[in-house]
Amino acid sequence: EDVASILLEANACIDLADPDGWTPLCYALAHGEVDCARLLASRLDSDPFKKEMHVDLVQDLQEELLESCSVNAGPDAVTTLVKELAPLGFLGKPDAGVAK
């Protein structure tokens, strides 16, 4: 989160996606970086268009992101991410990606 904060203070663009279509928020989610994901999501509140774009992207990739999170950071991280980000509209199906 510290590095993300520094980059955001320097006006880093959080909307740029890599060739696979993943943004920094996607990587934070896939690696279970709850604080970083929360920080990135909070930066989208000031621009409804950008927030909607990110919400759509995360919802489209939700299963893949949460499965990656489970592998990279464990099932508890998935639970925490869903709890933290579902109310913000980013993660819509709480059971997606969670091993049964």
Please specify each residue of the range 5-15 satisfying the condition of being part of a loop (DSSP other than H, G, I, E, B) and either acidic (D, E) or in contact with a helix residue (DSSP H, G or I) (Cβ under 6 Å, 6 or more places away or on another chain) (or both).
-> I14, D15
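Let's see how each residue does on (1) aliphatic (A, V, I, L, M); (2) assigned to a helix (DSSP H, G or I); (3) at pLDDT 90 or above; (4) buried (at least 16 other Cβ atoms within 10 Å of the Cβ):
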| site | (1), (2), (3), (4) |
| --- | --- |
| V3 | yes, yes, no, no |
| A17 | yes, no, yes, no |
| L29 | yes, yes, yes, yes |
| L40 | yes, yes, yes, yes |
| E52 | no, yes, yes, no |
| Q62 | no, yes, yes, yes |
| L85 | yes, yes, no, yes |
| L91 | yes, no, no, yes |
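The values are calculated or read from the model by the stated rules, or taken from the named source; none is laboratory data. Note that the structure is predicted; figures quoted are calculated from it, not measured. For neighbour counting, all protein chains shown are included, and Cβ atoms are generated from backbone atoms with ideal geometry for every residue, glycine included.
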